[in-house]
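Below: the structure, in structure tokens.
What follows draws every value from the coordinates through simple rules; no lab data is involved. These numbers come from a predicted model, not from an experiment. Ideal geometry is used to build each Cβ from the backbone, glycine not excepted, and the neighbour counts take in all protein chains shown.
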Amino acid sequence: MLGRAFGTVTPEMIQAGLLRPLGERRSERRLPCDRIPARVQTHMGSIPTLVLDVSNSGMKLELPDFLPAGSEATVFFGNVVAAVRIRYCRCNRNGSFDAGMQIEDVITTALDG
């Protein structure tokens, strides 16, 4: 019945960003990464991590430790330093944690060499 009320939804409409699939709350597409090594600095210290995907306003990391939602951290990878807020952190099937981070500020530094 919703299809009649709102018209026909096509995959092209979703790809164009006119509609998002049910359950998708992000306003922009995240780009998958090849598990980029990084580290997260929190009030608990420095934690090694892997960057799984990124967008202009967020990123998903794989962490060995749980980080509480709402807490602040700094992510370091490549020539990027990002101030982030943890949006969620949940156990994954590897026994580690996947965490969604909202990017609040980014600093790009010069690479050595």
Problem set entry | Zero-based 10 Å bins, Cα pair distances in region 27-108, whole percents | 20, 61, 19, 1
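Give, rounded to the nearest 20 debye, the magnitude of the charge dipole that region 27-108 has about its Cα centre when Lys and Arg contribute +1 at Cβ and Asp and Glu contribute -1 at Cβ. Before the final figure, lay out each step's value.
Details: 9 positive and 9 negative charges, 41 e Å.
Computed about the Cα centre, the dipole is about 200 debye.
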